[in-house]
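Single-structure report; data block below.
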Amino acid sequence: MAEKQTHYNAEDIKILEGLDAVRLRPGMYIGSTGVKGLHHILWEIVDNAIDEAASGFATRIEVRLYKDGSASVEDNGRGIPTDIHPKTGVSGVEVVFTQLHAGGKFDEHNYSFSGGLHGVGASVTNALSEWLRVEVYRGTVFKMSFRSYKDPKTGKMLSGIPDGHLENTKQKTDKRGTFVHFKPDASVFDNVAFNFEAVSKRLKELAFLNKGLEIALFDERVPEGKSPVAVNYKFDGGLHDFAEYLNEGKTPLYQEPIGYKAERDGILIEFAIQHTTEFTESLFSFVNNIPTPEGGYHETGFRTGLTKSLNDVARSLGALKDKDPNLLGAAILSVKMKNVQFEGQTKTKLGNPEARVPVESATVEGIAKLFEDKKLRSVFEEIVKKAQGAAKVRIAARQAKEVARAKNSIDNLTLVGKLASCTGKKPELNELFIVEGDSAGGTAKQARMRQYQAILPLRGKPLNVEKKRIDQVLANEEIRTIISALGAGYGSDFNMDDLKFHKVIILSDADQDGMHIRCILLTFFFRYMRELINNGNVYIGMPPLYKVYKKDVTEYAYDDTELQKKIEIVGKGYQIQRYKGLGEMSAEQLWETTMDPARRNLIQVNIEDAAEAEQMVTALMGDRVEARKEFLAQNANFNKVDTFIDRVNI
Ligand code: 28F
């Protein structure tokens, strides 16, 4: 270890103070100190490696999760510059890890730009890590390490302090690239355990978005003697392969997805589309590799461009034009641009108006070019035919809704009759509990606060929306009851202003059936009321798993880790009851453990969880058997929906 640096000049102090600002208000830099924030400091390092690949200098990235809670990322790029920075008098490496917003993110020559929460740089990871060490392979091995610790004199936390300047170990190596290994600071994060599914899913997405880049993930947190869990992603087809992956379990209208890539006014635009026999669309859009589930100007431009160009195609094929963008199937839109502005509830909406026209014109140009290709003529004939079919379905659905409205008073009354509504009329205070099973529904009706809590019992499994067409989905009573109870319509007619409840809470058992119902409801909301999820109105209620008690003490545990703590609290002579379902609880218990806002735990569903559930339902209930088998092999249980959602007490 190089000698400890003891003297700091004025310049250094400014830099070091910068990192302390990160530790003082981590939320400003990583959004939260929950599970998402923890993963964010890993993504910062991964993003730097991705930038090196996007600039064409790295072809492989390796991510490792270690038993001690640390993680490492390695790329085979040029290696962070080791020469001394003229301005600051320290090496490029030291700049990247000690200066906020430093590093490859902001150079002018490539599209590797990140905006918003992303791209705050590797120095934030350093500031929020107990230690961080970096190695650069540039002919010889260069090393540097940093630590965050409490200054013994002042008692202040010092963040990301170099143990010494960059050291050239003189050790020869024919490797090239950068290796970063860090341990998240347990005093900053509520939970320092990286989630394998979350990391694996994001790396897979990045491999799709960066054609041909190999990304390997090793999880060494396995019992002694067991070999690390390893996954490897490399997609030479890029977005084309992404579209095929999203359509697993579905029936594509044509063999190969169609795609296009163009640069417009300094914005790089790429898309891939593959229509299917489904009557729902799933457009996944990204800006600088960051998912934008809340959409934005790039999506507006893409949809407009698609509608215009496909109507031109329809006209030239002698078919009539269709007003809605025909996107029935999977589409991926990936945009890369500078000075990104993220907006929206979860900062995942693109707010740059200047992106709309370039994306629209690149889309029109792309579809027109693809249509000129004789080999794709049959593809477009299929797409246009499907558009006709979709138009018929939409008209049928509208008629079905008209009919429902026409019979509305009686019909809705019976439908909504199952609903035990609340007396308060303020949507922002009102909560709708969708409860699995009539018995639990009955208990919930007794337990609730009538003023602002409504109960809608669900009889058994609501129809799985996957295999049905929109008109059949609406025919299902359970689903229609939910639509009429919420009062805000569905699909393109969905209007948040009419929403009668600002909290929609799903209460289902913790068993497989409960997970199944939860996934189907999330799929329904994802497909037909997506704004409800984006806006954070959908929650999952967490009934306790155990009651730990003795004569005059009762505690509840919501998961196995909490059980130990509760046993200690209740103390000797304790007894345990394992709840198998909501129905086992008395109204009193259901109130105090699951419905009382002061004591309950709700999980706020975010768009990734809903997308995850939708993909799961598609794989499990779609009509492709091999996809189902493969999915079941990969994901033993339905619990994946809760992969990485922060548990909140709301
Ligand atoms: C495991 C994480 O961080 N990889 C990186 C590079 C390469 C360059 C660079 C990075 C110079 C000093 C701004 C090299 N040669 N993986 C990584 N690879 N940063 S981060 O330059 C950063 C600029 O600060 C690089 C020529 N140009 C750029």
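The values are calculated or read from the model by the stated rules, or taken from the named source; none is laboratory data. Just so it is clear, the structure is predicted and the values come from calculations on it, not from any experiment. Positions of Cβ are backbone-derived with ideal geometry, glycine not excepted, and every protein chain shown enters the neighbour counts.
Annotations
- So A71, is it of a type outside the set (S, T, Y) and touching a Leu at 6+ places or on another chain (Cβ under 6 Å): yes
- Subset of the stretch 73-91 (residues that are near the ligand (Cβ under 7 Å from one of its atoms) and either at positive phi or not in a loop (DSSP other than H, G, I, E, B) (or both)): V73, E74, D75, G79
- Output for the stretch 588-601, where each listed residue is surrounded by 20 or more Cβ atoms within 10 Å (Cβ to Cβ) and among the hydrophobic types (A, V, I, L, M, F, W, C): L590, W591, M595
- Hits in the stretch 354-371 - residues which are closer than 17 Å to K336 by Cβ and not charged (D, E, K, R): A355, V357, P358, V359, S361, A362, T363, G366
- Across the stretch 295-309, the number of residues qualifying as more than 16 Å from M337 (Cβ to Cβ), surrounded by fewer than 23 Cβ atoms within 10 Å (Cβ to Cβ) and not β-branched (V, I, T) comes to 3.
- Restricting the first member to the stretch 155-169 and to residues that are under 13 Å from L132 (Cβ atoms) and touching a residue at least 12 places away in the same chain (Cβ under 8 Å), and the second to residues that are among the basic types (K, R) and assigned to a strand (DSSP E or B), the beta-carbon pairs closer than 7 Å and six or more apart or on different chains are I161/R147; D163/R147.
- Looking at E108, E62, E74, just one residue is surrounded by fewer than 20 Cβ atoms within 10 Å (Cβ to Cβ), more than 21 Å from F189 (Cα to Cα), of a type outside the set (K, R) and at pLDDT 95 or above, and that residue is E62.
- Only a single criterion out of (1) surrounded by 20 or more Cβ atoms within 10 Å (Cβ to Cβ); (2) within 22 Å of M144 (Cβ to Cβ) is not satisfied by F57, namely (1).
- Cβ-Cβ contacts under 6 Å between residues 6 or more apart (or on different chains), taken from a first residue in the stretch 54-78 that is of a type in the set (A, V, I, L, M) to a second residue that is near the ligand (Cβ under 9 Å from one of its atoms) and in a loop (DSSP other than H, G, I, E, B), are listed as A58/G77.
- Restricting the stretch 163-197 to residues that are within 13 Å of the ligand (Cβ to nearest atom) and touching a Phe, Trp or Tyr at 6+ places or on another chain (Cβ under 6 Å), the residue that is farthest from G31 (Cα to Cα): K175
- Among all residues of the stretch 303-321, there is none that is at pLDDT 95 or above and either closer than 23 Å to R60 by Cα or not in a strand (DSSP E or B) (or both).
- Output for the stretch 25-72, where each listed residue is among the charged types (D, E, K, R) and within 13 Å of the ligand (Cβ to nearest atom): E44, D47, D51, E52, R60, E62, R64
- Candidates are the residues of the stretch 509-543 that are touching a Lys or Arg at 6+ places or on another chain (Cβ under 8 Å) and not in a helix (DSSP H, G or I); the one that is farthest from G489 (Cα to Cα) is D511.
- Residue check for N537: at pLDDT 85 or above, surrounded by fewer than 19 Cβ atoms within 10 Å (Cβ to Cβ) and more than 20 Å from R599 (Cβ to Cβ): no
- K250 vs. criteria surrounded by fewer than 21 Cβ atoms within 10 Å (Cβ to Cβ), in contact (Cβ under 8 Å) with a residue 24 or more places away in the chain and outside any strand (DSSP E or B): no
- Of the strands (runs of 3 or more DSSP E) lying entirely inside the stretch 112-214, those containing at least 3 residues that are among the aromatic types (F, W, Y) and buried (at least 20 other Cβ atoms within 10 Å of the Cβ) are 129-150.
- Residue check: E94 meets all listed conditions (1) more than 9 Å from the ligand (Cβ to nearest atom); (2) in contact with a helix residue (DSSP H, G or I) (Cβ under 7 Å, 6 or more places away or on another chain); (3) modelled with pLDDT of 90 or more but one, namely (2).
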